1. Work out how much length residue 530 to residue 475 would gain on full extension: take 0.36 nm times their residue separation and subtract the Cα-Cα distance, in nm to one decimal.
2. Listed highest first by mean packing, meaning other Cβ atoms within 10 Å per residue, what order do 95-103, 439-447 come in?
3. Please find the FRET efficiency linking residue 376 to residue 426, where r is the Cβ-Cβ separation and R0 is fixed at 25 Å, and quote it to the nearest 0.05.
4. Could you order 531, 123 so the one with the most accessible surface comes first? Probe is 1.4 Å.
5. How many nm is it between the label spots at residue 468 and residue 141, if each spot is 7 Å from the Cα in line with the beta carbon?
6. For labels at residue 284 and residue 303 in the simple 7 Å Cα→Cβ model, what's the distance in nm?
7. Which lysines have a Cα lying under 24 Å from the Cα of residue 57, excluding residues fewer than 8 positions away in the same chain?
8. By how many nm would the segment from residue 221 to residue 510 lengthen if fully extended, with 0.36 nm per residue of separation less the alpha-carbon distance?
Amino acid sequence: MGHAREYAGAPVEPYNDDILLSMVQSAPVAIVVADQAGQIVLVNNKLAAMFGYEREKLEGKPIEVLLPERYRSGHVAYRAEYTGNPRQRPMGSGLDLAGRHSDGSEFPIEVGLSYYRSSDQLWIMGAITDITRRKQNEEFLERRVQERTREIERRRQVSDSLRDILAILNSDRPLAEILEHIVVQASQLLKADGGAIYQMQESDSGIAIQASHGLSSRQLNNSLQLTLPTAVNQVVHDGDRVTVTIHDDWADESKNGTPAALALDPDAAGSFAYCAQLAVPLRIKEEVYGGLMLYYVDPRRFSAEEIELAVMFGDQTVLAIENARLRARAERTAVAAERNRIARDLHDSVTQTLFSATLIAEVLPKLVQRNSKEGMRRLDELRQLTRGALAEMRTLLLELRPATLIEVSIEELLRQLVEAARGRARIPIDMQVEVTTPLPPDVKQAFYYIAQEALNNVAKHARAGSVVVSLHSDSAGAALVVRDDGQGFDVTQVTPEHLGLAIMRERSESIAGELAITSIPSQGATVTIQWRNPEIVGNT
């Protein structure tokens with residue numbers, strides 16, 4: 001049936017239903033028309049091709065034939081609701097659904113809806129787009145986002161791990177604890193099933209495990225088996241390369257269901273076997289120290305980034321070992337230096353004091369016969385020298401055993417120092433001690449070494465006629481004063497390395513004390529160290 005319209009008052013060429021049908025059939029989008037009962041009344045060629053049907057076989061079928069079976073009952077309910085309240089859903093804001101090809105396979109679609117209501121019927125038209133490519137792109141982008149997110153998180157974990165390792169490297173923790181931390185971090189970040197740091201042995205015993213993670217005690221007791229074939233030899237003889245050992249054929253299932261890989265403990269029933277390992281040699285200067293080994297139950301390949309990360313952990317391990325060696329060497333050097341100092345002090349003070357005492361003792365018998373008064377004075381001097389030498393010896397013995405400083409009271413420590421200084425300087429030294437509250441061990445040690453340094457300066461440089469050492473201690477804190485009436489010095493002209501000032505300042509800073517050194521040429525010098533109890537100060 002033809003139709004005629006007017007546009008702007010001018011007649012337009014009439015059109016008929018055949019023209020409309022032809023336009024629908026040639027439309028670039030898939031179109032389906034259904035009545036309000038959900039029966040398909042029209043599909044175009046685009047839709048038939050999209051779903052794999054012939055047009056005639058779709059017409060008269062329920063619209064749900066185009067959907068997977070699991071969605072059909074839900075769609076019937078949605079269609080009933082839509083029929084009662086129809087609305088436009090243009091493409092781009094349509095429904096995302098799943099379509100069903102004639103062969104049963106599914107694919108994603110977007111459906112835009114429109115409707116036409118006649119006097120006795122509601123017609124619903126759906127414009128359908130295959131959005132498989134769009135979904136693939138969305139899934140690809142989503143995977144990329146997830147991969148990028150995982151990569152960012154992994155890099156954050158690596159950064160945090162490096163920060164933690166650097167912090168522990170700069171601490172005073174034992175080497176075993178540091179290596180344990182490194183092998184745990186390496187195993188976790190590289191997703192290894194086990195890991196170990198070992199040192200090569202010069203004897204035939206093979207390797208010595210220094211740290212491990214994820215390995216059983218039985219495995220650790222058989223350390224020679226903690227390597228896959230040729231891995232150790234490659235690490236030992238080619239210290240500059242990373243060894244990657246992968247055995248895909250080991251993943252074949254054996255008769256008893258256990259992976260037929262090289263078991264680290266072949267005699268143990270149900271023992272784990274490793275099909276891949278990553279071995280990083282630990283080279284210290286020209287020496288191949290050992291290796292960092294990471295073990296994997298499943299066969300796998302390692303990316304360049306994973307190998308680089310493993311090498312980084314190997315470098316951190318080498319740094320930890322070198323730091324431990326340097327620390328041990330520094331400690332040995334410090335011990336040797338302290339022994340040399342004590343030997344020097346023994347020669348400079350005790351030996352000279354005993355030599356002077358020997359000379360006095362040799363002439364004393366004759367001197368007593370000739371001049372009894374002078375003889376008694378020399379006898380008193382001899383007694384003072386021997387007491388000073390004895391005190392000096394006790395002081396040196398205390399320094400050989402630093403733990404003793406904690407056990408001995410501060411009064412006894414000061415008395416030993418004063419006796420030794422009297423013997424060396426041969427001047428009267430008055431000691432005044434008032435202790436109502438014992439000093440904490442670290443404060444007592446700091447006070448001892450500061451008093452020792454101050455009295456050494458008096459004996460060597462002051463040329464004093466008298467010295468006063470006073471100590472006052474109570475619950476609020478403590479104060480130590482060493483005052484002499486010697487020649488004094490210009491404080492502004494003395495560099496820190498002279499007169500042991502640097503040592504005294506370091507000791508004072510170690511207890512958060514306040515050190516004051518005052519002196520005027522020809523008017524003596526005073527050294528004062530004050531310490532305030534932080535528990536008392538914090539509560540005031």
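1. Contour length minus Cα-Cα distance gives 18.5 nm.
2. Put in order of decreasing packing, that is 439-447, 95-103.
3. 0.95
4. Reading off the accessible areas and sorting them downward yields 123, 531.
5. For the pair residue 468/residue 141, the computed spacing is 8.7 nm.
6. Here the modelled spin labels are 3.4 nm apart.
7. Cross-link targets: 46.
8. Extra length available between residue 221 and residue 510 comes to 99.5 nm.
The values are calculated or read from the model by the stated rules, or taken from the named source; none is laboratory data. Computed from a predicted structure; not experimentally measured. Glycine also receives a Cβ, built like all others from the backbone with ideal geometry; neighbour counts cover every protein chain displayed. In case anyone asks, the SASA skips ligands and DNA or RNA and just uses the protein heavy atoms, side chains included. Shrake-Rupley method; radii C 1.70, N 1.55, O 1.52, S 1.80 Å.
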